[in-house]
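Just so it is clear, none of the values below were taken in a lab; they were calculated from the coordinates. This structure is a prediction, so every number in the text was calculated from the model and none was measured. Heads up, the Cβs are rebuilt from the backbone with ideal geometry, glycines too, and the neighbour counts pull from every protein chain shown.
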Amino acid sequence: MPRSLTIALIAFSALGALFADTSSAAGDTLTFGPVADTFVRSDRPTKNLGSATSFAVDGDPVKHALLRFSVSGIGTNTVASAKLRLYNVDKSPVGGNVYGVVDDSWGETTVTWNTAPAADPTLLASLGAVAPNTWYEADLTSLVTGDGTYSLQIASTSSNGAAYTSKEGAAGFGPQLVLVLAAPEGLARSTFERAVARRLDIDIGPLRLEVRRAGRVAEQMGGRR
Ligand SMILES: [Ca+2]
């Protein structure tokens, strides 16, 4: 075996080891509490409820929950999964329908039914029947794709409303946004490829290994680019 190919194969093995190391980032979990949570109610249109220890969603009288999360630390990583977790304190056949809210300017201690921002009409997730003292999860992977501010509205179609512990409620039972990150494999691969290519004058692709001499392909393994 030509010496250069041996070196390249060692490098190729090292590439595998590097992938193994960096892939430990897969499944990293980031958990955020809300920076604001409250609910507004149609029967008390000028009342603010931002300091309540729970928030309600109801179809009659209509009550909408509003939550805002500030997500950081994602950077160039990919969000593999985003879940809103809520701890129920009032049972209902309808746990709630979750919508995005584009307007993040609402104030936790000032917003009322009359001033509440409108929700985006796209339904993000639904919770079915809920019972007290239980955590429920709503999948928000379609919404939370990176760092930023995310406001949510939770509404209900049932006249039997549900309620959940707010961030002012019992410690450890407030809302959570739980993000699971995908491994930054693409970034690691390209960074490693560039470094190896510079040092050994080879090109390692996903399906192919080339050894070049003076810029020309001298050895090749695997498929084409
Ligand atoms: Ca609150």
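Just a few scattered comments:
- Taking the fewest neighbouring Cβ atoms within 10 Å as the starting point, the ordered list for V94, V57 is V94, V57.
- Long-range HN-HN contacts of A125 with modeled amide H, under 5 Å: V98
- The label point for T157 and the one for S51, both projected 7 Å from the Cα toward the Cβ, are 3.7 nm apart.
- Selection from Y87, S105, A116 lying farthest towards where the dipole of segment 75-126 points positive, charges on Cβ: Y87
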